[in-house]
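Colleague: Got a structure for you, written out below as structure tokens; questions coming shortly.
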Amino acid sequence: MAPDKESNGLDNFAFAVDGAEHFYEIPEGKALSGENDRDKLVYCVTDVPPWYLCIILGIQHCLTAFGGIIAIPLILSQGLCLQHDGLTQSHLISTIFFVSGLCTLLQVIFGIRLPILQGGTFTLLAPSMALLSMPEWACPAWTQNATLVNTSSPVFIQVWQSRMQVLQGSIMVGSLFQVVVGFSGLIGLFMRFIGPLTIAPTISLIGLSLYDSAGMNAGNHWGIAAMTTCMIVLFSQYLRHIPVPFPTYSKTKKFHTSKMYIFQILPVLLGITLSWLVCYILTVTNVLPSDSSQYGYLARTDIKGDVIGRAPWFTFPYPGQWGLPTVSLAGVFGILAGVISSMIESVGDYHACARLSGAPPPPKHAINRGIGMEGLGCLLAGAWGTGNGTTSYSENVGALGITKVGSRSVIIGSGFLMIIMGVFGKIGAIFTTIPTPVIGGMFLVMFGVIAAAGVSNLQYADMNSSRNIFIFGFSMFTGLVIPNWIFKNPTAIATGIVVIDQVLLVLLTTSMFVGGFFGFILDNTIPGTKRERGIIAWNKAHEEDSNVTIESDEVYGLPFNLSARLSSMSFMRFIPFCPYHSPSACTPESSDKLDVLKEAAKKDSTHIIASVGL
């Protein structure tokens, strides 16, 4: 997982693992400690690298988040009855890229102001799929047969757009809760009652509840899926410390070779690309069957070949492009469960990102503003129609430790690049041609990592305690048993009030909610010390001070010098998301350190280019 990511790492699917300090060459005898790692930053949060470095490193951040971003619309397409509509899938991918870029700009400029990427979240995927699996939203049988689907038919368009509209409305209303909690400062109150024994089952059950989607995609050709999985595992675990020489050029060394740990930052992208290439070769040579009724047909790369040609070169996603959103009370309650999980996970991301980017620990007003801005991002994602929300991605946290560039200007560049990718319709169309077994192989690794990331939170609690073992075991088991039984007996819930039946059906079929609910209730009611519950270690991990290299006001203050303009107003101290103390100049130590870092950057920045060049 991402280095220094001590909380949950829910959205870390790029496997930016430890050992990041070996990504570029380090002189012998100069092993870096944790503090020295921060001292070796070439660009700190407030620095502005040259424009070409911003573009190169921005591309790397986009590629690192690639797996998580495209996986969400591909999974949602099953619940939206879009399995056989590649063109609409490409529109969904373009939309989520566009909104992710827009939300990244809002977060970095006006939100937490740390170099952290925004993208789709799996915490909202589970309740979304639970909503779409309700009897009234179940896909008609004829949409599962490719020969019966006419993608331009008004009937088919109505089928999938009605489902998207109810999903949009539920996400928009649910995201208002996150906006209120963030900008009102209530996130601190929430964190007092939520500890490792609540987070662990909640996050783990997100991955475990998606096993059916992974198996269904991988089962279309287990050989291709296994090859994809093996490649991702090989690159991310076995070859991560093996450097690959690449030719580079610098003014001092001229043409020479530099060692780059490319397997360490792009294992998912490399695994998918190579498996995709193998499928293309097997398709061209007709090794894979051309009959749609035969096993292995879905591994062919020419099934959706016409999508690229039909997709427009330019498309501009806009709010309400799928129609006027509608609201489902059941969907809103389900989304709320996902929003709460996303907020808690993001707080850990903020602290990890601050440590790796050489910034002070984020103050309360910055965390409040970041959570509120994420809620606003979910609201925008719902309005644009991604079928999902947004959250802070921890993949790029690992990239910060690898490249030693903590500048938020790079992430701003990534935001603009994702917006451009969302505008070019052909890019989204290309991603839809990835064979489903390749996607299934990626899911096998990805969802397993999510489940394990949740369990890793138990390191803070005393797992020698029978109390904690009972709470975790009971929460996990009920989180699997109850949704499974409700899925098989959807008519069992009959209170006589349709709305209440729908709400209970969505909540009780969302494993994440069931497990997290029991974990929360039991952990806060069964007697136990804070040390036993892991609350002390949990808070210490999230509030641990770092080597302050830049003044807090300079990093987390409002943009465009608004902090200085508003600091004289006494009422600002009562606004939870605004800094109420006057900005101060950097300390001499901070200034000296910044001068050293900037001077090092001027001398030679070629290793940064080499570290992300292909």
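Colleague: Please state the relative contact order of the range 340-444 as a whole percent: Cα pairs under 8 Å, 6+ residues apart? The partial results should precede the final answer.
Modeller: Values: 52 pairs, mean separation 24.7, N = 105.
After rounding, I find 24 percent.
Colleague: State to the nearest 20 debye the size of the charge dipole of the range 284-382 about its Cα centre, where the only charges are +1 on K and R beta carbons and -1 on D and E beta carbons.
Modeller: Using Cβ point charges on Lys, Arg, Asp and Glu, the range 284-382 gives about 260 debye.
Colleague: Place +1 on the Cβ of every Lys and Arg and -1 on the Cβ of every Asp and Glu in the range 216-331, take the dipole about the Cα centre, and give the residue among Met231, Tyr295, Thr326 whose Cα lies farthest towards its positive end.
Modeller: Value: Met231.
Colleague: To continue, here is another question. Please report the spacing between the Cα centers of the range 79-138 and the range 405-455 in Å, no decimals.
Modeller: Here the two parts' Cα centres lie 11 Å apart.
Colleague: Among 418-425, 331-338, 284-291, how do they line up from the highest to the lowest mean number of other beta-carbon atoms within 10 Å?
Modeller: Ranking the peptides 418-425, 331-338, 284-291 by packing returns 331-338, 418-425, 284-291.
Colleague: Can you tell me the dipole magnitude for the range 206-336 around its Cα centre, using point charges on the Cβ only (Lys, Arg +1; Asp, Glu -1), in Debye to the nearest 20?
Modeller: 840
Colleague: Still on this model: Order His84, His221, His351, most accessible first, counting only protein heavy atoms with a 1.4 angstrom probe.
Modeller: Numbers: His84 75, His221 45, His351 20 Å².
In descending accessible area the options line up as His84, His221, His351.
Colleague: Using modelled amide H (1.01 Å from N, peptide plane; none on Pro or chain starts), what sits under 5 Å from the amide H of Gly119, excluding residues fewer than 5 places away?
Modeller: Thr391, Tyr393
Colleague: Could you please state, rounded to a whole Å, how far the C-alpha centre of the range 229-276 is from the C-alpha centre of the range 462-490?
Modeller: Centre-to-centre distance over Cα atoms comes out at 41 Å.
Colleague: Among 210-217, 272-279, how do they line up from the highest to the lowest mean number of other beta-carbon atoms within 10 Å?
Modeller: 272-279, 210-217
Colleague: Got a sec? What order do Glu345, Glu554 fall in by accessible area at 1.4 Å, biggest, i.e. largest, first?
Modeller: Glu554, Glu345
Colleague: With a 1.4 Å probe and all protein chains kept in place, how do Leu74, Leu298 rank by accessible area, largest first?
Modeller: Leu298, Leu74
Colleague: Under 5 Å between amide hydrogens, which residues at least 5 positions from Thr257 or on another chain qualify, with H placed 1.01 Å from N in the peptide plane?
Modeller: Residues meeting the amide H criterion: Thr248.
Colleague: Just going by the charge dipole of the range 359-505, with Lys and Arg at +1 and Asp and Glu at -1 on Cβ, which of Met373, Thr491, Gly387 is farthest out on the positive end?
Modeller: Farthest along the dipole direction, towards plus: Met373.
Colleague: Before anything else, pin down the relative contact order of the range 199-322: Cα pairs under 8 Å, at least 6 apart, normalised by residue count, whole percent.
Modeller: Answer for the range 199-322 is 21 percent.
Colleague: Kindly write out, for the range 281-287 in residue order, the coupling ³J(HN,Hα) from the Karplus curve 6.51 cos²θ - 1.76 cosθ + 1.60 (θ = phi - 60°), rounded to whole Hz, with x marking Gly and Pro.
Modeller: So the Karplus estimates, Gly and Pro as x, are 5, 5, 6, 4, 8, 6, 6 Hz.
Colleague: Also, quick follow-up: Among Thr257, Leu356, Tyr280, whose Cα lies farthest out toward the positive end of the dipole of the range 207-356, if unit charges sit on the beta carbon of Lys, Arg (+1) and Asp, Glu (-1)?
Modeller: Of the options given, the answer is Thr257.
The values are calculated or read from the model by the stated rules, or taken from the named source; none is laboratory data. Since we're looking at a predicted model, the values are computed, not measured. As a convention, Cβ positions derive from the backbone with ideal geometry for all residues, glycine included, and neighbour counts pool all protein chains shown. The accessibility values were calculated without ligands, DNA or RNA, using every heavy atom of the protein model including side chains. Shrake-Rupley method; radii C 1.70, N 1.55, O 1.52, S 1.80 Å.
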